[in-house]
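The values are calculated or read from the model by the stated rules, or taken from the named source; none is laboratory data. Small disclaimer: the values here were computed from a predicted structure and weren't measured. Cβ atoms come from the backbone with ideal geometry, glycine included; neighbour counts cover every protein chain shown.
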Amino acid sequence: MVANAALTESTSFEPTANGSKSAESPKANQFKRQIQKAIQSPDDYAIHFIYVTDDKVSIRAVSPYRWNGNSFFGLCLSKENHRQFRLDRIHKLRLVKSSEVVMPFQITECLVENN
C-alpha cells in the first residue's frame, strides 16, 4: 500500500501573486501529464493526491479515465465510486503503480471549520 506520508515529496500547485492556485502553472501542467499517463495506462498507474474543498481535506487514491476541461473523471478507490475532481483542488499529487493501490483504499479526511 502507498503511504500517505509519501505525498510530502510530490508535486504541488504553486500559489500565484494574488494567492490563488493557477491552473496554468508549471505544477498544474505536471499534474496534467501525470494524470494523462494514468489515463493512458490504467493497468499500470493510478494517482494519489491531497484534495481540498471548502469544508474538507482528504487524501485520495484514484484511477482517472477521462478529462473534462480542468477537471477529470476517475474511479475513486477511497470512496469506491466514480467521481469528478477539479485540478485547482489538488495540492499534492503522485503517480503510483496500480498494483500498489487496492480498493478500498483507506481514506483520510479532515473537516475544516470556517469561521
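Observations on the structure shown:
- Each residue in the range 54-74 was checked for being surrounded by fewer than 19 Cβ atoms within 10 Å (Cβ to Cβ) and touching a residue at least 40 places away in the same chain (Cβ under 8 Å), and 6 pass.
- Positions within the range 42-53 being over 13 Å from G74 (Cα atoms) and surrounded by 12 or more Cβ atoms within 10 Å (Cβ to Cβ), in sequence order: D44, I50, Y51, V52
- In the set R94, R83, R66, only one residue is charged (D, E, K, R), modelled with pLDDT of 90 or more and either more than 18 Å from A38 (Cα to Cα) or within 11 Å of the chain's Cα centre (by Cα) (or both); that residue is R94.
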